[in-house]
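Novice: Please find one structure pasted underneath; my questions will follow.
Any read-out appearing in this document is the output of simple, stated calculations on the displayed coordinates, not a laboratory observation. Since the model is a prediction, treat every value here as computed from it, not as a measurement. Every residue, glycine as well, gets a Cβ built from its backbone with ideal geometry; the counts of neighbours run over all protein chains shown.
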Amino acid sequence: MELHLENRTAIVTGGGGAICGAIARAMAAEGVSVAVWDIDQDAAEAVAGTIRESGGRAIAVRCDATERAEVIAALDRTIEDFGSVDILVAGAGGGRRDATTSPELSFFDISESALRAALDLNYLTAVIPCQEIGRRFAEQGSGVVLVISSIAGIRPLTRAIGYSNGKAALNSFVRWLAVEFAEDYDARIRVNAIAPGFVLSGQNRFLLVDEATGLETERARQILEHVPQARLGEPEEIVGAALWLVSDQARFVTGVVLPVDGGFTARAGV
């Protein structure tokens, strides 16, 4: 299947992370110029540097996607270097220990500030870039948005209240925005999401790996009992769906939240 992504430009927020870093590298291998945005400049530069070493075109841009001024500045920098934007991969997000119940932290003791921060991290990090970059898509009459959500937004995960609630709001936003763009601006602007299952990364390592021993936690063992494929996913296993959704091969696909989860959301539990 030919993707024909050559000569396009993409912004990848959270691009220094495991999943979005893999997506950024894969798009660059298809000929896409990639702006790797991340709150961690060093992480963004590590991914962009790998792309350049492989012969691709990439820049690293520090950006806190919860802050509109930083999103605008990062977009200006990207346009200065690449001239245009065709694809937005909105992947910034993650879990927060202070918005996750545990033996040390009950639901009753989670603070409002922790919940607001978790919602900002997993919802506004997509909404604000979609406003600023989506404005350009509306003006040019084309563009593709791919949001990296989570199966936690489809089936809320025990303990992870802030993360699950943020991703549920994000999934609703994806469907809403797909209709908004298609009906009020241009039907060629598409908005979709991937909902990865349990993929080991820096964001969830504290839940899945015991810091003292390096072994699977009880939480990890419990999760694997509910994954039909009985394993954690790898970041590269999200890439195929991502490339398809941002390509013209998926030009009749919009408003979809696609699970890539080893069968987790298909399992009834009995």
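Novice: If I stretch the segment between ARG188 and GLU236 completely, what's the gain in nm (0.36 nm per residue apart, minus their alpha carbon distance), one decimal?
Specialist: Gain in length upon complete extension: 14.5 nm.
Novice: Something else now. Going highest first, how would you order 235-244, 95-104, 186-195 by mean Cβ packing within 10 Å?
Specialist: Per-residue mean Cβ counts within 10 Å order the peptides as 186-195, 235-244, 95-104.
Novice: Now for a separate question. Express in nm, to one decimal, how much length is gained between HIS226 and GLU6 on full extension, taking 0.36 nm for each residue of separation and deducting their alpha carbon distance.
Specialist: So the chain would gain 75.2 nm between HIS226 and GLU6.
Novice: According to a simple spin-label model (label point 7 Å from Cα along Cα-to-Cβ), what is the distance in nm between ASP42 and ARG57?
Specialist: Placing both labels 7 Å along Cα→Cβ, they lie 3.0 nm apart.
Novice: Let me ask another. Around ALA118, with a cut-off of 14 angstrom between Cβ atoms, what is the net charge of the other residues, counting Lys and Arg +1 and Asp and Glu -1?
Specialist: +2
Novice: Which three semi-axes in whole Å describe the equivalent ellipsoid of segment 1-154, each the square root of 5 times a Cα gyration tensor eigenvalue, listed largest first? Walk me through the intermediate numbers first.
Specialist: Numbers: eigenvalues 172, 56, 40 Å².
Taking √(5λ) for each Cα gyration eigenvalue gives 29, 17, 14 Å.
Novice: Using only the Cα atoms of the chain, what semi-axes does the equivalent ellipsoid have when each is the square root of 5 times a gyration tensor eigenvalue? Give whole Å, largest first.
Specialist: Value: 30, 19, 19 Å, ordered largest first.
Novice: Rounded to the nearest 10 degrees, what's the angle between the helix 125-140 long axis and the longest principal axis of the chain, both from Cα atoms, 0 to 90?
Specialist: Once rounded, the angle reads 20 degrees.
Novice: Ranked by Cβ crowding within 10 angstrom, fewest neighbours first, how are LEU5, LEU224 ordered?
Specialist: By the 10 Å Cβ count, ascending: LEU224, LEU5.
Novice: Report, in deg cm²/dmol and to the nearest 500, the calculated mean residue ellipticity at 222 nm for the chain, where each DSSP H run with n ≥ 4 adds -39500 (n - 2.57) and the sum is divided by the residue count.
Specialist: When only DSSP H runs of four or more count, the value is -12500 deg cm²/dmol.
Novice: Placing +1 on the Cβ of each Lys and Arg and -1 on the Cβ of each Asp and Glu in the chain, which of VAL36, VAL127, PHE181 has its Cα farthest towards the positive end of the resulting dipole?
Specialist: Of the candidates, PHE181 comes out farthest on the positive side.
Novice: Related question: How big is segment 89-168 in terms of Cα radius of gyration and Dmax, in angstroms?
Specialist: 14.9, 51
Novice: For the chain, find the longest principal axis of its Cα atoms and tell me its angle to the long axis of helix 18-29, 0 to 90°, nearest 10.
Specialist: Around 30 degrees separate the two axes.
Novice: Now for a separate question. Using Cα pairs under 8 angstrom and six or more residues apart, how large is the relative contact order of the chain, in percent?
Specialist: 18 percent
Novice: What does the charge count around GLU104 come to, taking other residues whose C-beta lies under 12 Å from its C-beta (Lys +1, Arg +1, Asp -1, Glu -1)?
Specialist: Numbers: positive: ARG97, ARG159; negative: ASP98, ASP109.
Around GLU104, the charge tally is 0.
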